[in-house]
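Asks: Please find one structure pasted underneath; my questions will follow.
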Amino acid sequence: MSEVIKQVMAQVFQIDAETIDANTSPDSVDRWDSLKHMQLIMALEDEFGIEFPDEAIPELLSFAAIEQTISTLT
């Protein structure tokens, strides 16, 4: 699952998947703005066939948080 998340993030943010780690967040990715955040959420929902709860979306601001949330939804 981690590698798939990294691939989706790499595609949305146009960065190298190998640079993504648990601490990857808007602080470390210049392109991670509010628009890209929503694109990431939609791409992850499509990839994993899930729907994030509305209240969780603002909290998904790191690779670790995204991975943990997806693991609870799948």
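Read-outs throughout are calculated quantities, based only on the coordinates presented, and are distinct from any laboratory measurement. As the structure is a computational prediction, the values presented were derived from the model and not from experiment. So basically every Cβ, Gly included, is an ideal-geometry build from the backbone, and we count neighbours across all protein chains shown.
Asks: Tally the residues that are free of Cβ contacts under 8 Å to residues at least 24 places away in the same chain and among the β-branched types (Val, Ile, Thr), restricting the search to the stretch 1-37.
Replies: Residues meeting the conditions: 3.
Asks: Of a type in the set (Ser, Thr, Tyr) and surrounded by 14 or more Cβ atoms within 10 Å (Cβ to Cβ): is that true of Thr74 in this structure?
Replies: no
Asks: While we're here: Which of the residues spanning the stretch 1-29 are of a type in the set (Val, Ile, Thr) and surrounded by 15 or more Cβ atoms within 10 Å (Cβ to Cβ)?
Replies: Residues satisfying the conditions are Ile5, Val8, Val12, Ile15, Ile20, Thr24, Val29.
Asks: If a residue has to be of a type in the set (S, T, N, Q), touching a Phe, Trp or Tyr at 6+ places or on another chain (Cβ under 7 Å) and over 15 Å from Ser2 (Cβ atoms) to count, how many in the stretch 27-74 make the cut?
Replies: 0
Asks: Every residue in the stretch 1-29 that is over 13 Å from Leu61 (Cα atoms) and over 11 Å from the mean Cα position of the chain (by Cα), please.
Replies: Met1, Glu3, Gln14, Ile15, Asp16, Ala17, Glu18, Thr19
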